[in-house]
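Asks: Okay, here's the structure, questions in a sec.
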Amino acid sequence: MDTPRQNSTKSKLRSYFKNELKLQFEATKLQRACLAANQILTLVESRKFRHVALFASDTYEIQTKPLFECLLQRRVHTYFPRISNDMLEFLPVQSWSDLKPGKFNILAPYSGFACTPSTLELIIVPGLVFDLKGFRLGRGKGYYDKFLPSLGPFSIRVGYAYDFQLVDHLPAEPHDQKMDFVVTESRTLTV
C-alpha cells in the first residue's frame with residue numbers, strides 16, 4: 001500500500017497504519033521502544049513527575065512494557081486505563097501481572113480504585129498516528145478524546161509512537177484533543 005495522502009480519511013489512515021505496525025520486525029520494535037522510553041524518562045526526570053499514566057500496548061502500538069519497568073525502578077507511580085461505564089478511568093499498577101484482558105481484549109487493571117484525573121501529571125497517550133500539530137488518530141472510539149479534558153490544568157499530554165507514525169497533517173474534528181508533546185524513538189516534538 002502506498003503512503004496515504006494528507007487528505008485521506010481517518011478510516012483509510014487507520015487501515016494503513018495498522019498494516020504498517022504489523023509489518024514491523026519484533027526485535028526492531030523492542031529496540032526502538034526502548035529508545036522512545038528513554039525520551040519519555042528524560043521528560044519525567046526533568047520535570048520531576050511522580051504520577052504518570054501509561055497504557056498497555058497491543059500489536060498496533062509502540063511497546064510500553066520497557067517504559068513501565070523503568071518508571072517502576074524510579075519509583076514513579078504509574079496508572080493504567082480501564083473502561084468503566086463507557087469512560088476511561090486510571091488505576092494504580094505496580095506490576096505488569098496486575099493487568100488482565102479487559103474490554104476489546106486490551107490489558108487493563110482489574111482491581112483497585114481509580115485516581116482522580118487531576119492526580120495525573122503526565123499522561124502517555126496511544127495512537128495509530130500523530131501529526132506535527134499534536135493531533136492523533138486512535139482506534140475511533142473516542143475514549144481518550146472524552147477523558148483528556150478532565151485532566152488538571154498542569155497535566156502534560158504525550159503522544160507515544162514510532163517515527164513512522166508521525167505525519168505532517170491529520171484530519172481533525174472539534175472534539176479531537178491535542179497532545180503537548182509527541183515522543184518517538186528519535187525525538188521529542190513540542191507542539
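Bear in mind that the values in this text are calculations on the coordinates, not laboratory data. Every value quoted in this text rests on a predicted model; they were computed, and no experiment measured them. Virtual Cβ from ideal backbone geometry, glycine too; neighbours counted across all protein chains shown.
Asks: Against the longest alpha carbon principal axis of the chain, how many degrees, from 0 to 90 and to the nearest 10, is the axis of helix 10-23 turned?
Replies: For helix 10-23, the angle is close to 80 degrees.
Asks: With point charges of +1 on the Cβ of Lys and Arg and -1 on the Cβ of Asp and Glu, referenced to the Cα centre of the chain, which listed residue (T190, G140, A36) lies farthest in the positive direction of the dipole?
Replies: Most positive-ward Cα: G140.
Asks: Magnitude of the Cβ-charge dipole of the stretch 61-191, K/R +1 and D/E -1, about the Cα centre, nearest 20 debye? Could the numbers behind the result be given before it?
Replies: On the way: 14 positive and 14 negative charges, 56 e Å.
In total the dipole reaches around 280 debye.
Asks: Give, in nm to one decimal, the length gained when the segment between H175 and N19 is fully stretched (0.36 nm per residue of separation minus the Cα-Cα distance).
Replies: Details: separation 156, 0.36 × 156 = 56.16 nm, distance 2.61 nm.
Fully extending the segment from H175 to N19 adds 53.6 nm.
Asks: Only one of the values (i) 0.93; (ii) 1.27; (iii) 1.04 was calculated from this structure for Rg/Rh (Cα atoms, Kirkwood Rh); name its label.
Replies: Comparing each candidate, only (i) matches the computed number.
Asks: Then there's this: As I understand it, the value is the acute angle between the Cα axis of helix 26-47 and the longest principal axis of the Cα atoms of the chain; what does it come to in degrees, rounded to 10?
Replies: 60
Asks: Rounded to the nearest 20 debye, what is the charge dipole size of the stretch 1-141 about its Cα centre when +1 sits on each Lys and Arg Cβ and -1 on each Asp and Glu Cβ? Walk me through the intermediate numbers first.
Replies: Details: 21 positive and 12 negative charges, 52 e Å.
The dipole magnitude comes to about 240 debye.
Asks: Find the centroid of the Cα atoms in the stretch 23-70 and in the stretch 119-191, then give the distance between the two in whole Å.
Replies: If you average the Cα positions of each part, the centres end up 14 Å apart.
Asks: Could I ask something else about it? State the extension gain, in nm to one decimal, for the chain segment bounded by S11 and R50, taking 0.36 nm per residue of separation less the distance between their alpha-carbons.
Replies: Working: separation 39, 0.36 × 39 = 14.04 nm, distance 3.64 nm.
Difference between extended and current length: 10.4 nm.
Asks: Relative contact order for the stretch 7-106: what percent, with Cα pairs under 8 Å and sequence separation of 6 or more?
Replies: Working: 95 pairs, mean separation 21.8, N = 100.
Rounded, it is 22 percent for the stretch 7-106.
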